[in-house]
Structure formats: structure tokens, C-alpha cells
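The values are calculated or read from the model by the stated rules, or taken from the named source; none is laboratory data. Just so it is clear, the model here is predicted, and its values are computed rather than measured. Please note: Cβ atoms are built from the backbone with ideal geometry, for glycine as well, and neighbour counts cover all protein chains shown. These accessible areas exclude ligands, DNA and RNA; they are computed on the full protein's heavy atoms, side chains included. Shrake-Rupley method; radii C 1.70, N 1.55, O 1.52, S 1.80 Å.
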Amino acid sequence: MSTATQTVDAGEIAKFEAMAAEWWDPHGKFKPLHMLNPTRLDYITTQIAAEFGRGLKTNMPFAGLRILDIGCGGGLLSEPMARLGAEVVGADAAERNIPVAQVHAEQSGLDIDYRHTTAEALAEAGEQFDVVLNMEVVEHVADPQGYLTACQQLLKPGGLMICSTINRNPKSFAMAIVGAEYVMRWLPKGTHEWQKFITPDELFGLIANAGLTPVDRKGFVFNPIAWAWSLSDRDLSVNYVTASTKPA
């Protein structure tokens, strides 16, 4: 029997299917991601450029790189990667996200290979990528270790995975659930489950057990006064991002 979808959580997929049409509305249900996206992109592009010796000020700096955006949603990360010259596959287990992403890419004049599929199915098919973008997905899967192992299998030797998620502590409960879902109403109630959040040390352990080498981690910190996100070397208390490589 195939195990291609063993880490997919049907309840989590249903949540995002219900919100699919709002992906590109900066004031809609995905407002937090639109606000965070510039900071995410800053980290992602810097890590890719450093790992593969690319100059971000050159034309199409990621040309020749094959990038997987797993859990791509409406394409908020896939499209910038394509504009930088990468060959992009955007994959999502929520079927309704894919046509939304396809239409927006077409309107933007971008050629992106969007697929309704899972990391496990792509790994079983033998797909290989230079970079796997694994952003805000691992806290929504049924089996984080199995999911990250599939992501490792999708990387070419010497490849890079960028993985972000949410820490598990009282502060993250107050901010990511109470604040974002109940007070600010940025997200529908029930979008996140606090018990599924993962501490940085736990995530590094899962990544290492999957066969990757963790090389960096930073915090995404929201400043309510400036109303903006920034990267932090020290504050990983709520949102954070990691970089890891596959041995060559």
C-alpha cells in the first residue's frame, strides 16, 4: 500500500480549502502572511544566494535552480522565486488552492508548475530539487517526522531546505492563537492548534533525524508599534525560521 499521503491531516486541509479564494487579498484571512512575506523573502533569498553563490543584484539570480514550494497556498512565495529566475514547482494538499495560484500566476505572466499533491507523493515519484521551501506547514501535518523525511528525500545532495513554524510556549499561545485569531481576528478561530506547535530544539532534532544538517535559525518578530516584522538572531519565542542542508 502506498504511504504517499500518510502525513496529511484532512482536518487541516479543509481549513485552508475554505479560505482558498482569499489568498491574494492583503486585507483578508491571509493578511498575516502578506505582512510577514517581505521578511520571509529576505531570509529565503539571502540563504539561497549564500548557499549557491548567487548575487541577488544580478538579473535572474536563481536561474538554473529548481525550487519546490511545498504548501504553496496561493503562490505568495512561488511567484517571487519565479521572478528571480528559478524553475518553480508549487505543491499543495488543499486542492482548491491550486486554481487560485494558477490564475494569479497567469495574470502575472509567470510560468509556475502548480500541483495538487503532497511531499510524500513527489518523493515517491523521484522528484528532486535544489531548494525546498517548507514555510508554515510542519505545524499542520499529522506526522512531522515523516513529513520532514519526505522533504529530505526531495532535496538533491547539497540542497537547501528553509523551514518555518511557530514555537510552543505560553507566549506563542497568547500571540499566535489568542491575539491573531480572537483579538485581531487576522485568522479564523481554530486555524492553529497550540499542541502542534514545535520548539526550535524539537524542530532541529526532527530535521537532523530526517538526514539534514541544521545550519541556521532566526526569529520572525512582530513590532506592534512599527506594525512590521523583522528578523532576530535571538528572539525565536513565537514565529521562527530555519535553514538546513543535505550532505553532498
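The residue that is farthest from residue 138 (Cα to Cα), among those in the range 229-248 that are open to solvent by less than 40 Å² (accessible area, probe 1.4 Å) and among the aliphatic types (A, V, I, L, M), is 236. Scanning the range 163-173 for residues that are surrounded by fewer than 23 Cβ atoms within 10 Å (Cβ to Cβ) and closer than 30 Å to residue 66 by Cβ yields no hits at all. Filtering the range 101-118 for residues that are among the aliphatic types (A, V, I, L, M), modelled with pLDDT of 95 or more and in contact with a strand residue (DSSP E or B) (Cβ under 7 Å, 6 or more places away or on another chain) leaves a non-empty set. List every residue pair whose Cβ atoms lie under 7 Å apart, where the two residues are 6 or more positions apart in sequence or sit on different chains, the first residue falls within the range 96-118 and is at negative phi, and the second residue, located anywhere, is among the aromatic types (Phe, Trp, Tyr) and open to solvent by 60 Å² or more (accessible area, probe 1.4 Å). As it stands, the answer is 104/24, since those pairs meet every condition given. None of 133, 148 is out of contact with any Ser or Thr (no Cβ under 7 Å at 6 or more places or on another chain) and within 18 Å of residue 51 (Cα to Cα) except 133. What pairs come up if the first residue lies in the range 151-178 and is over 18 Å from residue 136 (Cβ atoms), the second is modelled with pLDDT under 95, and their beta carbons are under 6 Å apart, counting only those six or more places apart or on different chains? Every condition considered, the pairs that remain are 157/248; 158/248.
Within the range 88-107, which residues are in contact with a helix residue (DSSP H, G or I) (Cβ under 6 Å, 6 or more places away or on another chain) and among the small types (Gly, Ala, Ser)? 90, 93, 94 - these are the residues of the range 88-107 that are in contact with a helix residue (DSSP H, G or I) (Cβ under 6 Å, 6 or more places away or on another chain) and among the small types (Gly, Ala, Ser).
Here the range 174-187 is the region considered, the condition is being open to solvent by 40 Å² or more (accessible area, probe 1.4 Å) and modelled with pLDDT under 75, and the residue that is nearest to the chain's Cα centre (by Cα) is 175. Scanning the range 55-75 for residues that are crowded, with 23+ Cβ neighbours inside 10 Å and either among the hydrophobic types (A, V, I, L, M, F, W, C) or at negative phi (or both) returns 62, 67, 68, 69, 70, 72, 74. The set of residues from the range 188-207 being over 18 Å from the mean Cα position of the chain (by Cα) and at pLDDT 95 or above comprises 201, 205. For the range 207-226, the set of residues classified as over 18 Å from residue 147 (Cβ atoms), of a type in the set (A, V, I, L, M, F, W, C) and either open to solvent by less than 40 Å² (accessible area, probe 1.4 Å) or free of Cβ contacts under 8 Å to residues at least 24 places away in the same chain (or both) consists of 220, 221, 222, 225, 226, listed by residue number.
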